[in-house]
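The values are calculated or read from the model by the stated rules, or taken from the named source; none is laboratory data. Just so you know, these numbers come straight off a predicted model, no measurement behind them. Note that each Cβ is placed from the backbone with ideal geometry, even for glycine, and that neighbours are counted across all protein chains shown. Please note that ligands, DNA and RNA were not included when accessible areas were found on the heavy atoms of the full protein model with its side chains. Shrake-Rupley method; radii C 1.70, N 1.55, O 1.52, S 1.80 Å.
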Amino acid sequence: MYIYDQHDHSILQQRVEQFRQQTERYLAGDLAEEAFLPLRLQNGLYVQRLAPMLRVNVPYGMINSTQLRRVARVARDYDKGYVHISTRQNIQFNWPDLADVPAILAELAEVEMHATQSSGNCIRNTTADQFAGIAEDELLDPRPYCEIIRQWSTLHPEFAFLPRKFKIAVNAAKEDRAASQVHDIGLDLYQNEAGETGFRVRVGGGLGRTPLVGSVVREFLPEQELLSYLDAVLRVYNQKGRRDNKYKARIKILVKAMGPGAFAELVEAEWERIREGYTRLTQDEIDRAKSFFTEPAYSSFDTVAVDNSISELRAEHTAFDKWLTRNVRQHKKADYASVTLSLKPTGVAPGDVTEKQLEIIADLADEYSFGEARTTHEQNIVLGDVAKDKLFELWQKAKAAGFATPNIGTLTDIICCPGGDYCSLANAKSIPIAEAIQRRFADMDYLYDLGDLDLNISGCMNACAHHHVGHIGILGVDKKGEEFYQVQLGGNAGNDTKLGKVLGPAFDADDIPSVLEKILNIFVDNRHEGEEFLQTYERIGMAPFKERVYAKDH
Amino acid sequence: MPKIIKDGQVVDDSWQLFELSEDSELANAAVPTGQWIVPLQLWLAQRDKLKARSDIGIQIGIDDDIELLADDYDSVPLLAFDFPVFMDGRGFSAAFLIRDRFAFKGELRASGAFIRDQLCYLQRCGFNAFALSAEDLEAAKDSLSDLQEAYQASADKAPLFRRRG
Ligand code: SF4
């Protein structure tokens, strides 16, 4: 993982001190509410329905055991003892006191964590594949570049007051797990035919009110020119993006209005002007960033013996077998595996984790995964580097701590935003819908039979749970003050990003589990051998689903 | 005399804003002697006459096209950029371009609705003078040094990665 040097520490300390003074001026009445608003947002602090919410960045999802313990301590000392893993891999505290926030930020800064630009109209935390550096299908490790982007975007003086928020994702694997096509900028890291490292640059993707897939504006950007190109894109957006209507202010609207070609021309013109300037990355800097993401000291085993013993244990313990199938993934090293700790047991808000559990995760990370863990945009936590001969031991401990629900990638591994229970922008609650679904579909064998299914629930148009790219998406809508839920089918994140289509008129909260059941029945009745939900949907289309769901009961 | 923050100090502001009266025509409005900051439209209408003087600055609005002054940057002593609301960040990019692309060396002044907490970023984008209204300027000036070290390039400083060591 990246380790701060004195420069990184001093930058963060200045920031913490600046916000401490701003908060004092605000509380003393010397800083107006409307002026304090963007300042606190840029330090991660929202004012929510019931209390402030503090969002802390987990840069591209990487977190170590020291940080996990510190988050646990903050949750205990300043909050109600639990935190929420957001759909952008960040950590949210739900109940801090405004007056405590400077102290919280100082405590987090000690372990190299910050909330800088985790909200507000600025460049947000850069996200990546949760299996970065360990995935079998990875071309290159995206994390050094994510860190370079993190540093470039942190406290960037020119881009702190953009028309709207700005999100960058970096994908470097064959299968895009970073949803890079629905980000303001999506970067694909790869090597071209000449063997040079660089990026395919997509701009203007995004969900929300106007969901759009990003357009490629540059097929190959040499790695040294990453920051000059980002500067150019942001500069064009900062000058030309709409500021008259916040629903039309994202870069996707600008790119769409101008056309990707015309937008790219402006960017290229500015980039040509600055690309030889001092923002051009040096090889030293790229190498320095890479030096933090070297392989840990993997050991090797008698693979055959380990595999045999795992097979025996599997046969003996069905639950272990299920867990291996759903929650454990092959690592790029044959003797290692990546384990997803499920934060989606029934009855717990998806992504919520208590301070005690955080400490257990920290201990597990120390014991089994070189002291590191990863937050995922599906709101789970991954232990990335687990030696296979330790899997059974880890499973037993994870199970005792409540993390071993073997539902990763299934219907009940629901991506769910905080919704109306917490979020002041919500049209409807989302957590109780998730819970009702988890209760209705509790039969694991049925879930396994359904196969891979992404179910995403957002409490409003802002689409924090990416409902447009769920195979099944549920969106909370408000009709004359009452909460209803619209269902969408056929979305997909990843390489073949697709936006779901609306099934039809919205439903009552109570109806959602049975609506879902009808949808799943249609799938099961119509699927061909080996087909996943999405494939069946694409083959048979929306009509049969619509018919069954809206058929009048006789 | 009103005060302003300039080059890190609170100093007297010797410049005055030349306001067009409603019925005055751009081409005929007479700018008296003394240091005046004139609206961009007036400058464009009387460019030759005003350019001959060394005591005329130009006020630029948020919607103005800074390329219109491409031939003027090397001779004008002062540009004042007006922020209509502090949340409108276009001025940050404009300042950066005025310094970096057009190599403007004179006084670049922020005026209007920006806030004290933006001083440090504004300075890094290239502003060196700040007409902050209704503030204790001595206290506000401290905010210029809120963030002294930074990762990225500033208008006058290389990014950290070129200086790290
Ligand atoms: S989708 Fe809407 S309700 Fe859910 S967290 Fe985002 S803004 Fe809040």
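Things to note:
- Hits in the stretch A:450-480 - residues which are away from the ligand (no atom under 16 Å from the Cβ), surrounded by fewer than 23 Cβ atoms within 10 Å (Cβ to Cβ) and in contact (Cβ under 8 Å) with a residue 40 or more places away in the chain: A:450, A:451, A:452, A:453
- Yes/no for residue A:37 being at pLDDT below 95, open to solvent by less than 20 Å² (accessible area, probe 1.4 Å) and within 14 Å of another protein chain (Cβ to nearest Cβ): no
- Whether a residue is open to solvent by 10 Å² or more (accessible area, probe 1.4 Å) and closer than 13 Å to residue A:54 by Cβ was assessed, and residue A:115 does not pass this test.
- Scope the stretch A:260-288; condition assigned to a helix (DSSP H, G or I) and facing chain B (nearest Cβ under 9 Å); matching residues: A:270, A:273, A:274, A:284, A:285, A:288
- Taken together, B:72, B:88, B:64 contain a single residue that is of a type in the set (Asp, Glu), under 24 Å from residue A:35 (Cα atoms) and open to solvent by less than 60 Å² (accessible area, probe 1.4 Å), which is B:88.
- Only one of the listed residues (B:48, B:63, B:71, B:82) is free of Cβ contacts under 8 Å to residues at least 24 places away in the same chain and under 27 Å from residue B:119 (Cβ atoms). That residue is B:63.
- Residue that is nearest to the other protein chains (Cβ to nearest Cβ) [pool: residues in the stretch A:123-147 that are aliphatic (A, V, I, L, M) and open to solvent by 10 Å² or more (accessible area, probe 1.4 Å)]: A:140
- Hey, residue A:230 out of contact with any helix residue (DSSP H, G or I) (no Cβ under 6 Å at 6 or more places or on another chain), within 14 Å of chain B (Cβ to nearest Cβ) and aliphatic (A, V, I, L, M) or not: yes
- All positions within the stretch A:1-12 that are surrounded by 15 or more Cβ atoms within 10 Å (Cβ to Cβ) and either modelled with pLDDT under 95 or more than 9 Å from every other protein chain (Cβ to nearest Cβ) (or both): A:1, A:2, A:12
- Every residue from the stretch A:411-439 that is at pLDDT 95 or above and hydroxyl-bearing (Ser, Thr, Tyr): A:412, A:430
- Residues being over 24 Å from residue A:246 (Cα atoms), within 16 Å of the ligand (Cβ to nearest atom) and among the hydrophobic types (A, V, I, L, M, F, W, C) - total across the stretch A:417-449: 3
- Residue check for residue A:178: of a type in the set (Gly, Ala, Ser), within 22 Å of residue A:280 (Cα to Cα) and either in a loop (DSSP other than H, G, I, E, B) or open to solvent by 10 Å² or more (accessible area, probe 1.4 Å) (or both): no
- The stretch A:390-402: number of residues that are out of contact with any strand residue (DSSP E or B) (no Cβ under 7 Å at 6 or more places or on another chain) and either aliphatic (A, V, I, L, M) or at pLDDT below 95 (or both): 3
- Subset of the stretch B:120-130 (residues that are closer than 16 Å to residue B:80 by Cβ and open to solvent by less than 30 Å² (accessible area, probe 1.4 Å)): B:122, B:125, B:126, B:127, B:129, B:130
- The combined condition, being more than 30 Å from residue A:34 (Cβ to Cβ), open to solvent by 10 Å² or more (accessible area, probe 1.4 Å), in a loop (DSSP other than H, G, I, E, B) and in contact with a Lys or Arg (Cβ under 9 Å, 6 or more places away or on another chain), is not fulfilled by residue B:54.
Let's see how each residue does on (1) basic (Lys, Arg); (2) out of contact with any strand residue (DSSP E or B) (no Cβ under 6 Å at 6 or more places or on another chain):
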| position | (1), (2) |
| --- | --- |
| A:128 | no, no |
| A:132 | no, yes |
| A:138 | no, no |
| A:143 | yes, yes |
| A:146 | no, no |
| A:154 | no, yes |
| A:160 | no, yes |
| A:165 | yes, yes |
| A:170 | no, no |
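- Across the stretch B:117-135, the number of residues qualifying as more than 11 Å from chain A (Cβ to nearest Cβ) and within 26 Å of residue B:103 (Cα to Cα) comes to 5.
- Residue check, residue A:243 closer than 30 Å to residue B:165 by Cβ and open to solvent by 50 Å² or more (accessible area, probe 1.4 Å): no
- Filtering A:285, A:276 for residues that are under 30 Å from residue B:161 (Cβ atoms), assigned by TED's automatic domain parsing to the domain that holds residue A:231, open to solvent by 20 Å² or more (accessible area, probe 1.4 Å) and over 22 Å from the mean Cα position of the chain (by Cα) leaves a single hit, A:276.
- Any hit, the stretch B:136-143, residues being free of Cβ contacts under 8 Å to residues at least 60 places away in the same chain and more than 10 Å from every other protein chain (Cβ to nearest Cβ): no
- Residues that are loosely packed, with under 14 Cβ neighbours inside 10 Å, part of a helix (DSSP H, G or I) and within 14 Å of chain B (Cβ to nearest Cβ), drawn from the stretch A:289-323: A:291
- Remark: pairs (first residue in the stretch A:16-34, closer than 21 Å to residue A:114 by Cβ; second residue of a type in the set (Gly, Ala, Ser); Cβ separation under 7 Å; 6+ apart in sequence or on different chains) = A:16/A:106; A:16/A:109.
Residue-by-condition table, conditions (1) of a type outside the set (A, V, I, L, M, F, W, C); (2) closer than 17 Å to residue A:155 by Cα; (3) surrounded by 20 or more Cβ atoms within 10 Å (Cβ to Cβ):
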site: A:14; (1), (2), (3): yes, yes, no
site: A:52; (1), (2), (3): yes, no, no
site: A:56; (1), (2), (3): no, yes, yes
site: A:71; (1), (2), (3): no, no, yes
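- Verdict on residue A:20 being within 14 Å of chain B (Cβ to nearest Cβ) and open to solvent by 30 Å² or more (accessible area, probe 1.4 Å): yes
- Verdict on residue B:102 being over 30 Å from residue A:145 (Cβ atoms), open to solvent by 20 Å² or more (accessible area, probe 1.4 Å) and within 8 Å of chain A (Cβ to nearest Cβ): no
- Leading residue by the ranking (nearest to the chain's Cα centre (by Cα)) among those in the stretch A:481-497 that are open to solvent by 70 Å² or more (accessible area, probe 1.4 Å) and over 13 Å from residue A:430 (Cβ atoms): A:495
- Residues in the stretch B:65-97 that are out of contact with any Cys (no Cβ under 7 Å at 6 or more places or on another chain), within 12 Å of chain A (Cβ to nearest Cβ) and within 25 Å of residue A:272 (Cβ to Cβ): B:65, B:66, B:67, B:89, B:90, B:91, B:93, B:94, B:97.
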